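First comes the structure, then the notes that go with it.
The values are calculated or read from the model by the stated rules, or taken from the named source; none is laboratory data. Remember, it's a predicted structure, so these values are computed and weren't measured experimentally. All Cβ positions, even for glycine, are placed from backbone atoms using ideal geometry, and neighbour counts span all protein chains on display. Note: areas computed on protein heavy atoms with side chains; ligands, DNA, RNA excluded. Shrake-Rupley method; radii C 1.70, N 1.55, O 1.52, S 1.80 Å.
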Amino acid sequence: MAGTDRYTIVLELNVNGEMRRAAARPADLLLDVLRDSFGLTGAKPGCLNGDCGACTVLVDGWPMKSCLMLAVEAEGKAVTTVEGLKNTAVQREFVDKFAFQCGYCTPGFVMNVYGLAHLRPDADEHTVKDWLQSNICRCTGYEEIRDAVVSVLQRRASSAADAAVAEDATNAADGAVDSPMRKGSAANGSDT
Amino acid sequence: MIPYNFDYYAPATVAEAAALFQRLDAEGKQPLYYSGGTEIITIGRINRIYTEAVIDLKRIPDCRQAAVQSGKLVLGSALTLSELYDSRVFPLLGETGAGVADRTSRNKITFGGNICSKFIYREAVLPLLLTDSEVRIAGPGGARQTPIAEAFDGQLRLGRGEFVVQTVTDESYARMPYVTIKKRKVAAIDYPLVTVAALRTSEGIRIAFSGVCAFPFRSQAVERMLNRRELPLRDRIDQSIALFPAPVISDIKGSAAYRELVLKLVMEQTMRALGGE
Amino acid sequence: MDAHTIRAKGIGCFWKNSSIDPDGSSGAIVSFNQDGSLNLETGVVEIGTGTKTILAQILAERMRMSPDHIHVKFKISTDITPEHWKTVASRGTFLAGRAVLKAADDAIRQLLDIAACVLRADPVDLELGHGYVYARADPSVRIAVKDICYGYKYPNGNSIGGQIIGRGHYIQRRMNYTNPETGEGTPGPEWNVGAQAVEIELDTRDYSYKLLKAISVNDAGKVLNPKAAKGQVMGAMSMGLSFANRETFMFSGEGAIYNASLRDYNVIRYGENPEYVVEFIESPCLDGPYGARALGEHGLIAMPAALAAALSRAAGVQLNRLPLFPETIWRAKMGEPQP
Ligand SMILES: Cc1cc2nc3c(=O)[nH]c(=O)nc-3n(C[C@H](O)[C@H](O)[C@H](O)COP(=O)(O)OP(=O)(O)OC[C@H]3O[C@@H](n4cnc5c(N)ncnc54)[C@H](O)[C@@H]3O)c2cc1C
Ligand code: FES
Ligand code: FES
């Protein structure tokens, strides 16, 4: 690309609780910086068009398609990729319920479900469907994924889940569950 | 990857954003206001939009506002569709917006970006049309507040360098009975075959459409016809479609004939739900 | 149901033979680590079907050990990994499974030979199991696999045997080309059958419909891994339904694709799937490993037919074209010829 040097900037991003720097273009996608500059290849390029959800990460705790975000937009925010989750309840349930085959969609689904379980632990079926329809899986029949989600939400609802939550909170990167609304942006009346 | 370079600016005030636009425009940078950015990124990737500078509106507090000020609901253009849905400040808007794309994408897609979208749907504008909302617009020439009916004729008419800061809606509208229905070709996530949003006010039912014609609209003529309760509902619906401002579209989502069939059903369902038989 | 809702069921049956090159073959290598654990190397590419897991189970069964002590090599190098014809055609378990059994038998024979020397017994009186080779009649006469898999060293330093490498391969028996005129021939060893059904709810106003329930009963020969088998079939059913109900490319007169992105090329998403019921019958395929038959792709095949049958019945019109968009059904109902 002609004149790219003139456009190169140094980005500073909080990824999985760590401050990291990368030389990038303002036009670079968060997805590409995560993968190419930081070697975090968990977020997958699927459609690069916002349609498949394979690239989903958390930004300040919210599921976000990293192909729909410039890396510069993530400055000052906490980005969590699947590499930032270590043996969380969501990951364990996905394994236990056979909720993947080829695994290409899995990091995206896992991040979405992780966000859901933390932001909407009492999510009803409508909400679960609304959130999870953001991702496409070509291999499974979705029922296995549903089993995993139901199980994660049940564990969070039950008192035993408190332990799992505490465990997840230490396992996940810092700041993974901050709502932009709660963080004092100007919007009112959030029910998060 | 976006196949060209641009600079990224994140001004902190409305005035700064407008001044930036003016300067960058003068420098030939073809600047674009950038809100959720999802459209600029996705159509930029396939070279269908070009810019050398984007001006992100998300760090401007006015564009992120959601407040009630003396009976008026003031909503910033950079609120995401998810935020509008979750906050429940304006359920008709929240729910109509929730028909757009999918939940994760709506965590990024903004209200203002949807209204100013290059796509033909712009579904989030329907509630504004129904509620005679006003749009606060700013630009190099200063700020203005305009009724949506004047600013929007299929798309928002903005002068060079102008952008939407906020919308202002009379709070009483947020409590009126409403219906919002989106029908798609077959899938749960898709552009609309037909989207209808409607509101019952004391003077009658108001109704607005997206996906039906090549642009979203609300039409006085259509509403007058639909509110003529002396006629049977189905006749009113048939005749009101003849009054649409443009032909019903045919595309890969559906033919005009099938769209019309679905449209009539949705209109009937809407009218009945609002007690408009 | 009510004035404009009809529930209907449709059934479709399938049979499938995996026709591959008549000389398509598969190889496997079994080697040992110093602790007696095993390494399994085959050319099957793991693409999410769980084939490599099943191959490890097959090996563990034959070696009478826990699959936990089998290291499955995932990486494939065309330099040294045994050839597997292609990871296609639901042939992974069948071809590679047979090769693995042969490699296991080869390794077992070598283990028994060494153990026979050490234990001063006839190899035919020995058995392998649980990490030991032992005398069938007196299991206390035994030697650990880890002590013989790299040769056996007597106390005085004399050694016999050496590293044990089991090799195996499989090629399908007496396949031949089909006659292009008559269709006669043997393209594959086994015909697999199944029946599938779909229940839908049709709205007769706009011909939109819901997928309520889908059932699949396949002859699996022998189910080797129940969860994996169910997952394979459910995934295939989902793809079959998605294909039948929405997936297609739309072309302009000049052949340009109108729906070239996932924005417009829709696939089934979470929650749009029906409830799945997956059952198996087991009539063993004598050529297959432990009687297993192919099942990877089979769950897809009759779903479109079952859906079309259900919708045809509900709409009262023969539907012969895919995908079955609501508009397509409406057009058929209006009497338009289906192109
Ligand atoms: C996966 C996906 C699915 C979609 N499905 C639907 C759908 O079902 N229905 C539908 O209606 N749309 C749909 N869209 C389109 C989407 O809603 C629009 O593209 C919308 O514009 C995106 O908002 P944004 O905030 O990201 O816009 P941006 O990319 O920031 O901006 C879009 C355009 O508006 C201009 N703009 C942005 N903000 C302002 C402002 N405040 N004042 C003036 N101009 C401004 C920008 O310069 C740009 O030209 C979909 C998009 C995606 C990614
Ligand atoms: S790659 Fe981001 S949504 Fe598909
Ligand atoms: S497991 Fe392969 S796409 Fe979901």
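Loop only per DSSP, at most 12 neighbouring Cβ atoms within 10 Å: give me the trypsin sites (Lys or Arg not before Pro) in the range C:70-112, ordered by residue number.
C:75
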Dipole axis of the protein assembly as shown (+1 Lys, Arg; -1 Asp, Glu on Cβ), positive-most option in A:100, B:266, C:296: B:266
Pairwise FRET efficiency - residue B:277 versus residue A:122, Cβ, R0 = 41 Å, nearest 0.05: 0.60
Computed Rg/Rh for the range C:48-106 (Cα atoms; Rh = Kirkwood radius) stands at 0.95
For a 32 Å ceiling on Cα separation, which of these pairs sit above it: A:44/C:146; A:86/C:16; A:86/C:75; C:9/C:52? A:44/C:146; A:86/C:16; C:9/C:52
Surrounding net charge for residue B:126, when Lys and Arg each add one and Asp and Glu each subtract one, Cβ distance under 12 Å: +2
Loop-resident chymotrypsin sites (Phe, Trp or Tyr not before Pro) in the range C:179-278 with no more than 11 other Cβ atoms inside 10 Å, DSSP not H/G/I/E/B, are C:249
How much accessible surface does residue C:114 have with a 1.4 Å probe, in Å² rounded to 10? 20
Length gained if residue A:41 through residue A:21 is fully extended, taking 0.36 nm per residue and subtracting the Cα-Cα distance, is 5.5 nm
Can you pull the one-decimal nm distance between simple spin-label points at residue C:109 and residue B:150, each 7 Å off the Cα toward Cβ? 9.5
So, relative contact order of chain C in percent, Cα under 8 Å, 6 or more apart, is 24
Candidates C:49, C:93, C:328; GNM for chain C (alpha-carbon contacts under 10 Å) flags as most fluctuating C:328
Taking R0 as 35 Å, what FRET efficiency do you get between residue C:159 and residue C:64 from their Cβ-Cβ distance, rounded to the nearest 0.05? 0.85
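Let me check against my output: what whole-number percent is the relative contact order of the range B:7-56, with C-alpha pairs under 8 Å and at least 6 apart?
Reported as a whole number, the value is 54 percent.
For chain C, what is the Kirkwood estimate of the hydrodynamic radius, computed as the reciprocal of the mean inverse distance between distinct Cα atoms, to one decimal in Å? Could the numbers behind the result be given before it?
Working: mean 1/r = 0.0431 Å⁻¹.
Roughly 23.2 Å, rounded to one decimal.
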Cα-based Rg (one decimal) and Dmax (whole number) for the range C:9-154, in Å? 18.2, 71
For B:144, B:259, C:321, C:167, give the ranking by accessible area with the largest first, probe 1.4 Å. C:167, C:321, B:144, B:259
Between the range C:220-293 and the range A:108-158, what's the alpha-carbon centroid distance in Å? 22
For chain B, with a Gaussian network of springs between Cα atoms less than 10 Å apart, report the residue from B:179, B:194, B:212 with the top mean-square fluctuation. B:179
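For residue C:39 and residue C:117, FRET efficiency with R0 = 22 Å and r from the beta-carbon atoms, rounded to 0.05?
The pair residue C:117/residue C:39 has a calculated efficiency of 0.35.
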What is the gain in length, in nm to one decimal, between residue C:318 and residue C:182 on full extension, counting 0.36 nm per residue of separation less the C-alpha to C-alpha distance? 45.9 nm
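Please report the relative contact order for the range B:176-273, taking Cα pairs under 8 Å with a sequence separation of at least 6, and give it as a percent rounded to a whole number.
Details: 146 pairs, mean separation 24.9, N = 98.
Computed value for the range B:176-273: 25 percent relative contact order.
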Could you pull out the chymotrypsin sites (Phe, Trp or Tyr not before Pro) across the range B:113-163 that fall in loop regions by DSSP (anything but H, G, I, E, B) with no more than 16 other Cβ atoms inside 10 Å? B:119
For the range A:48-67 and the range C:4-37, what is the separation of their C-alpha centers, rounded to whole Å? 34
Degrees separating the helix B:14-26 axis from the principal Cα axis of chain B, which is the longest one: 70
Lysine pairs meeting the criterion (Cα under 20 Å, 8 or more apart or interchain), as found in the range B:27-163: 4
Expressed in angstrom and rounded, the centroid-to-centroid distance over alpha carbons for the range B:130-188 and the range C:153-201 is 65
Where does the range B:152-234 land on Rg/Rh, using Cα atoms and the Kirkwood Rh? 1.02
Quick numbers on the protein assembly as shown, Rg and Dmax over C-alpha atoms in Å, give 31.4, 112
Computed for the range A:1-104: size of charge dipole around the Cα centre, +1 on C-beta of each Lys and Arg, -1 on C-beta of each Asp and Glu, debye to nearest 20, value 140
Radius 9 Å from Cβ of residue C:214, net charge of other residues (Lys, Arg +1; Asp, Glu -1): -1
With no solvent and one equal point scatterer per Cα, compute the Debye intensity ratio I(q)/I(0) for the range C:1-73 at 0.26 Å⁻¹ and report its log10, rounded to two decimals. -1.20
Assigning unit charges at the beta carbon (Lys, Arg +1; Asp, Glu -1) and nothing else, what dipole magnitude in debye, to the nearest 20, does the protein assembly as shown show about its Cα centre? 660
Which semi-axes, in whole Å and largest first, does the equivalent ellipsoid of the range C:219-291 have when worked out from the alpha carbon gyration tensor as the square roots of 5 times its eigenvalues? 36, 15, 9
Candidates C:184, C:297, C:279; GNM for chain C (alpha-carbon contacts under 10 Å) flags as most fluctuating C:184
Going 7 Å from the Cα of residue B:132 along its beta-carbon direction, which residues of the range B:155-183 have the amide nitrogen within less than 13 Å of the resulting point? B:169-173
Sticking to Cα atoms, compute the Rg of the range C:149-258 to one decimal and its Dmax as the biggest Cα-Cα distance, whole number, in Å. 26.4, 90
Using all alpha carbons of the range B:61-173, what is the percent of pairwise distances in each 5 Å bin, ordered from the shortest bin to the longest? 2, 13, 24, 28, 20, 10, 2, 0
Spin-label pair residue B:158/residue C:125, simplified geometry with 7 Å Cα→Cβ offset, distance in nm: 9.2
When the helices in the protein assembly as shown are scored as -39500 (n - 2.57) per DSSP H run of 4 or longer and the sum is shared across all residues, what 222 nm value do you end up with, to the nearest 500 deg cm²/dmol? -8500 deg cm²/dmol
In whole angstrom, how long is each semi-axis of the equivalent ellipsoid of chain B, when you take the square root of 5 times every eigenvalue of its Cα gyration tensor and sort them from largest down? 33, 21, 16
Eigenvalues of the Cα gyration tensor times 5, then square-rooted: what semi-axes does that give for the range A:1-83, in whole angstrom, largest first? 19, 15, 10
